[in-house]
Amino acid sequence: MASERDSGLMPLRREFDQVWHGFDRNQVKQYVEYLEDQLRRLLSDRDSAMAQASTLSRELENARRELAKLHTRVDELCKPPERPEDLDERMQRTVDLANTRAEEIVTRAETAAEEHWAKAGEASGKLRARYAKLLGELESHAEAMENEHQAALAETRAEVERLTTEAAQRREQLDQEAERRRRAIERDFDAKMAAEKAALEKHIADQQTASKNQAERRIAEAIAEAKRRLDEAATEAERRVDEATTEAERRTTEATQQVERLTDIREQARLRVRKAQDLLKEGEPALTPLPEEETELAPSAS
């Protein structure tokens, strides 16, 4: 409990702000860790001394209780016996030895307690002095670091203001340079655009002339090609008409010849039919049955 109260006087961990200039952060951390380690060791020694003093106090209290018990026992033994034979010389020596032993124990316990209390007080004083010294060193270092931090902060602010001023001047110079370059680029662009426009107009005129000549040439070629194809088509048509006429005449001749042959065949057939009819007429009397044949044929018919 005492160590917790004392450790509350100063935090064992102390953080420092990081700045551009100042002490080396690693060295500061190492030194603070060293001081904290020393402080922990002192607090541990003090706690050990306090625990030892508490132990001695408990031993002293135990010795006092034992002494009280011995005094009680001595008082009981010192009471006058009811009978004379109850008290003898041996008992008297025992009582004397007990009193002497009790006085020695009390004296030794008081002496040891006083020595331990003196040692504990001396150790506690040394620890407090060392603790105060460490606190003073820490405060001085903290003050030095704070001064260094303030100086570095002021220097940094001055540097930032200087850099800001230089940046503003540089920005104005860059703006002027950019404006000058922009105007030069605009002039070059206008001149280049005018030259390209003139070249483009000339190219368009040349293209129009070339296109017109090429169109006229292609029209002439198309007319000639159309005329050639018309002549070829007319020749082909005449050839096909002649071929068709020849074929028609040939087929007409063949058809006429076929008709003539069919006419001849029909005439021959008609003549043959007429001859057959004449023959039938001539042979009809020969086909009429005789009277005898009619008689023979009648029963068979019935």
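The values are calculated or read from the model by the stated rules, or taken from the named source; none is laboratory data. Note that the structure is predicted; figures quoted are calculated from it, not measured. With ideal geometry, Cβ positions are generated from the backbone for all residues, glycine too; neighbour counts draw on all protein chains shown.
Just a few scattered comments:
- Restricting ALA129, ALA168, ALA142 to residues that are surrounded by 13 or more Cβ atoms within 10 Å (Cβ to Cβ) and either at pLDDT 75 or above or in a helix (DSSP H, G or I) (or both) narrows the list to ALA142.
- With respect to being over 23 Å from GLU114 (Cβ atoms) and either in contact with a helix residue (DSSP H, G or I) (Cβ under 6 Å, 6 or more places away or on another chain) or modelled with pLDDT under 75 (or both), THR72 falls outside the description.
- Residue match in segment 144-159 (condition: touching a helix residue (DSSP H, G or I) at 6+ places or on another chain (Cβ under 9 Å) and either closer than 30 Å to LEU35 by Cα or without any contact (Cβ under 8 Å) to a residue 40 or more places away in the chain (or both)): yes
- If you check LEU127, LEU174, LEU230 for being among the hydrophobic types (A, V, I, L, M, F, W, C) and touching a residue at least 24 places away in the same chain (Cβ under 8 Å), only one passes: LEU127.
- Just one of the listed residues (ALA123, ALA113) is within 17 Å of ARG64 (Cβ to Cβ), surrounded by 14 or more Cβ atoms within 10 Å (Cβ to Cβ) and touching a helix residue (DSSP H, G or I) at 6+ places or on another chain (Cβ under 7 Å), namely ALA113.
- Failed criterion for PRO81 (all others in (1) modelled with pLDDT under 80; (2) not in a loop (DSSP other than H, G, I, E, B) hold): (2)
- Criterion (surrounded by fewer than 12 Cβ atoms within 10 Å (Cβ to Cβ), charged (D, E, K, R) and assigned to a helix (DSSP H, G or I)) met by exactly one of ARG40, ARG65: ARG65
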